[in-house]
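Laboratory data are not the source of any read-out in this text; all were calculated from the coordinates shown. The structure presented is a predicted model; accordingly, all values stated were derived computationally and were not measured. Don't worry about glycine lacking a Cβ; one is built from the backbone with ideal geometry, like all the others, and counts go over all protein chains shown.
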Amino acid sequence: MDLAAVLALHDRELREGARPDGPGAHVERVGGVVRQVADAHGWNGVLWSDLDTTDADAAIAEQIAYFSALGRDFEWKLYGHDLPADLGQRLTAAGFTPEPPEALMIGEVAALTLDAELPDGVRLLTATDQAGVDLLVHVHEQAFGTDSSRLRARLLDQLAAEPDSLVAVVALAGDEPVSAARMELVPGTDFAGLWGGGTVKAWRGRGIYRALIAHRARIAADRGYRYLQVDASDESRPILERLGFARLTTTTPYVYEPQTRAE
């Protein structure tokens, strides 16, 4: 892959030219910022920015005022190549809290290694209804130790309104959900995104995560997508590299909570 060209395409299609992530959301450009505005359980935040040292602080203040007026927590998703170079420091100074950085990994579907297999006794279930989403959310909470009620509501909305934009998969050992993941398909672009891959602790190290990546990659290929993108943690990055993914840059969520700041 020409990594610089793929990164530019990623920015153009998924960030600057972003489409709403799920029903009830809309994307708008305000000056040098592209943001998504969603309901209370959707993703709210800044997807892309074209700023410099002369206008960055004003743009940050404008986004804080806008989302605070809505009473919404929001995220400024900062990429390693975004400008100005000190944008992360400016966000922190304005009251944002950075979460751990991740690597933006890209794989060209046709070049990926897709021969990963599930362990004996493990099967995959595609979540297409409330029962399937409940299984996926159960795994997510067990694997990551977080409350996933907002994720559950968003996935149910998406399956009801835009079922072709989501592939949600649960790995079952017998009837026990042990791993889960999803793929967001972005119409009109070359990219499908892999999200939420997690395995409960007792089942890690058995190749399920790798098999779920391969399963979703085959679906993306069948639907004509050229690239898969993943925001990868330090734990998942080596697995992705062995499958043929390459690191493009880093991505760091900067989170702002208006109500917390007001207390």
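Projected area of region 108-249, taken from the Cα convex hull and averaged over every viewing direction, in nm²?
For region 108-249, the mean projected area of the Cα convex hull comes to 8.4 nm².
Scaling the Cα radius of gyration of region 1-148 by the globular reference 2.2 N^0.38 Å produces a ratio of 1.27.
Cα centroids of region 189-263 and region 148-185: 14 Å apart.
Hand me the GluC sites (Glu not before Pro) from region 80-167 located in a DSSP loop with no more than 13 other Cβ atoms within 10 Å, in residue order please.
On the way: sites: GLU102, GLU108, GLU117, GLU141; in loops: GLU117.
Passing sites in region 80-167 are GLU117.
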